[in-house]
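Here is the structure we will look at.
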Amino acid sequence: MADLLGDHDDEIEEFDDLEEIDNESEPETLLADEGDIAVAAWHEDGRWTLAALPNAHDIPQIITRLKAQQTNGGALALIAIDEEFFMLVRVLGTHISLFLSDATCALDYEVAEEFLEIADLSMPEDDDESFPVGHLEIFNDLGMNQMELRAICADEELFPDEQLEAIASRLGFGEKFAELIGL
């Protein structure tokens, strides 16, 4: 992971509870699978701090890590799966907000199905039309309204990592996000 962070360890920090990487083992990457991304972000002391999350498919663990890391503005996770869809998680105090860019992905992806279960949302009946579900107002207080979020979800020319970069840019940490995931 140190190679990925380079000279930016003061801007991009790892979670304290991430396991140390053994020099003899393979280096940890941001991608659990080739098309997966999981990044946590939190705002403190007037700046955004980002960290890679080790497993984009472990939603309960991501929530636990966000709970441990949150500041006054909470902590959030931006997750992209298999270049198909993205998920947003925000922990603010005891409140957890969840957003899924395309509910129909739960028909094909176990992680999306689990996400719907955790968010207490219904499974879609068919996959004819994609639609976002969850807390559309997840970032309202950070200056990104639900219309902007819907527009990003509806843009079929963007891959999920690009959609997350657009969200990160709107929230004020787009450059750090792009650097961390290697865009």
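The values are calculated or read from the model by the stated rules, or taken from the named source; none is laboratory data. Owing to the predicted nature of the structure, the values given are computational and were not obtained by experimental measurement. Positions of Cβ are generated from backbone atoms using ideal geometry, with glycine treated the same way; all protein chains shown enter the neighbour counts.
Among the criteria (1) under 14 Å from the mean Cα position of the chain (by Cα); (2) closer than 18 Å to Ala56 by Cβ, the one Gly174 does not fulfil is (2).
Name the residue, out of Thr71, Thr49, that is modelled with pLDDT under 90 and either touching an Asp or Glu at 6+ places or on another chain (Cβ under 6 Å) or among the charged types (D, E, K, R) (or both). So that I can check it myself, show each step before the final result.
On the way: Thr49 fails: modelled with pLDDT under 90.
Going through Thr71, Thr49 in turn, just one is modelled with pLDDT under 90 and either touching an Asp or Glu at 6+ places or on another chain (Cβ under 6 Å) or among the charged types (D, E, K, R) (or both): Thr71.
Kindly indicate whether Ile21 is surrounded by fewer than 18 Cβ atoms within 10 Å (Cβ to Cβ), modelled with pLDDT under 85 and β-branched (Val, Ile, Thr).
Details: surrounded by fewer than 18 Cβ atoms within 10 Å (Cβ to Cβ): yes; modelled with pLDDT under 85: yes; β-branched (Val, Ile, Thr): yes.
It is true that Ile21 is surrounded by fewer than 18 Cβ atoms within 10 Å (Cβ to Cβ), modelled with pLDDT under 85 and β-branched (Val, Ile, Thr).
The test for being buried (at least 16 other Cβ atoms within 10 Å of the Cβ), β-branched (Val, Ile, Thr) and not in a strand (DSSP E or B) does not hold for Ile79.
May I ask you to list the residues in region 108-134 that are aromatic (Phe, Trp, Tyr) and in a loop (DSSP other than H, G, I, E, B)? Give the derivation first.
Here is the first cut: in region 108-134, the residues aromatic (Phe, Trp, Tyr) are 109, 115, 131.
Selection gives Tyr109, Phe131.
Taking first residues from region 124-139 that are closer than 15 Å to Val91 by Cβ and partners that are among the hydrophobic types (A, V, I, L, M, F, W, C) and in a loop (DSSP other than H, G, I, E, B), the Cβ contacts under 9 Å between residues at least 6 apart in sequence or on separate chains come to Gly134/Ala119; Gly134/Leu121; His135/Ala119; Ile138/Met144. When the residues of region 123-139 are filtered to those that are farther than 20 Å from Asp82 by Cα and touching a helix residue (DSSP H, G or I) at 6+ places or on another chain (Cβ under 7 Å), which remaining residue is surrounded by the fewest Cβ atoms within 10 Å (Cβ to Cβ)? My answer is Glu137. Out of the residues in region 74-108 meeting the condition of being closer than 17 Å to Ile62 by Cβ and either in contact with a Cys (Cβ under 7 Å, 6 or more places away or on another chain) or hydroxyl-bearing (Ser, Thr, Tyr) (or both), tell me which one is modelled with the lowest pLDDT. Looking at residues that are closer than 17 Å to Ile62 by Cβ and either in contact with a Cys (Cβ under 7 Å, 6 or more places away or on another chain) or hydroxyl-bearing (Ser, Thr, Tyr) (or both), I get Thr94.
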